[in-house]
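Written below as C-alpha cells is the structure these notes are about.
What follows is calculated from the coordinates using simple rules that are stated; it is not laboratory data. Computed from a prediction, not measured in an experiment: that's the story for all the values here. Cβ atoms come from the backbone with ideal geometry, glycine included; neighbour counts cover every protein chain shown.
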Amino acid sequence: MSKTIQFRMLKDKVIIRKLLIPLIIIFQLILNTSVGLAWIIPRNSQTIPYGITVGGQKVGGLNRDQAVSYLAQNSPGELIDKNIVLKNGPIEWCLHTKEFNFRYDCAKTIDIILKDATAEEGFPRMLDLVKLQARNQEIPAELSWNKEGLDKFLHSINEEIMIPPRNASLNIRDGKIAIVNEQAGEELDLNLMTSKILESIQFNELEAINIVKKDIQPSIVNQDITAIDCVLASFVTEFNNDQNRTDNIILASRIMDGTIIMPGNIFSFNQIIGERNLENGFKKAPVIINGYIHQDVGGGICQVATTLYNASLLAGLEIIERSPHSIPVKYAPHGLDATVFYGQIDLKIKNNMSNPVIINSVTANNDLEINIYGNHMDKENI
C-alpha cells in the first residue's frame, strides 16, 4: 500500500472521529436531559412538581390526596388567633381573625398549586420545573374564612368613611342657569382590602393596614347638562294655610328640586321623595283616603305630585303612571290631579326628549311653582 493511500485513510479516520465526538456529546446531553426531565416533570397533572414547599413542608412528588393529608398532619386547621389593626388616618378598627373563622385550608392550597403547575405547557414549563430544582419555591398556605361576615365588617367601615359622589347640577336663580360641576366620591376598596388582610395573616405581618379607597364616579357630569338652556313649561298651584300641610309641601318641593332626568330615563315620585314618615321630617296633615278626609303623615304631598304632573304634560314629557284622587281637589282642574301613596301608588314620568330635563321646584307666598327646564330645540317640538 502506498504512502499516499495510507495518508488518505488516516486523514479519513481523523475526520470521522471529529464528526463522531460532537454527535456523541449531543446524544449524551439529550440522554441526560431526558432522564433529568423524566425525574423532574410530574407523572401526571395530579402530581405536584418537585421543589414546592408549603410552610416549609416538602410536597413535591405527592399527588393531591397525599399532599392534603401530609399538610393536615403537620399543619392542624385550628382557628387562627390574630388581631389586625385597620387604619384610616387617626381612626382605627380591630379585626379579630377568630371572629371570622380564619384557618389554613390544606385542600384549597394544594388545588391552587396543581392548577398553577399545569397552567403552562411545553418548553416554558420545563424551564420553570428545572429552576425549581435549583431553588425551592415556598407557597403560602391558602386561607378559608367567613366571607359574609368579613364583607359585613368591611361594609360597616365603609359606611363611616364613604364620601358619596356629587352629580353635576344646575343652579337656577331668577331664571338664570349656572352649572355646578360634578365631584367624585370615594369608598373602601373591598377586594383590595380583603387581599391585604389575607396577606397580613399568611405572612404574619405585624404592621397596621391602611384603608384602601377607590373613586366613585358621579352618574351625571358637566357635559351631560350643558344643553339645558330654557324653560319648557311651568305650572303653579296654591296651597292653604294648614301649617303641617304647608311644611310637607315645602319639604317635598326641596327634595325634588334640581332632579335631572336623562333622555330615556323614568322619574319616580316615590323613589325621589322617599317614604313619608316622621323620621324623614314629614308631619300629619289632611289626606284623601277612599273619598274622605283623614289625618295622616305626609298630607299635602299629592299637591306636589299634581303640580309636577301638569308641568310635565305641558312640557310634552311622557306620563308612564298616574292615578287621580277619589274625589275632586281644589288646587287643580278636574281630571288633572295626581295622587301618590308610598309603596302603592306612584307618579312616573319618562324623559322622551333628546336632551336632559331638570325639575325646578320653588315655594313662595303659598304658591308652589314647578318649572321643567330643557333644551330650546326640544321646546320647538312640543
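Annotations
- Flagged links, alpha-carbon separation over 30 Å, of Lys58/Lys213; Lys82/Lys214; Lys176/Lys214; Lys58/Lys196; Lys176/Lys350: Lys58/Lys213; Lys176/Lys214
- Label-point gap, in nm, between Ser323 and Glu275 - each point 7 angstrom along Cα→Cβ: 1.8 nm
- Here the alpha carbons of the stretch 227-379 define both size measures, Rg and Dmax, at 14.7, 45 Å.
- Taking θ as phi - 60° and the Karplus parameters 6.51, -1.76 and 1.60, the scalar couplings of the stretch 273-283 work out to 6, x, 5, 8, 9, 5, 5, 8, x, 7, 10 Hz in sequence order, x denoting glycine and proline.
- Cβ-to-Cβ counts within 10 Å put Cys302, Cys94 in ascending order as Cys94, Cys302, the fewest first.
- Those GluC sites (Glu not before Pro) in the stretch 161-253 that DSSP places in a loop and that have at most 12 other beta carbons within 10 Å: Glu207
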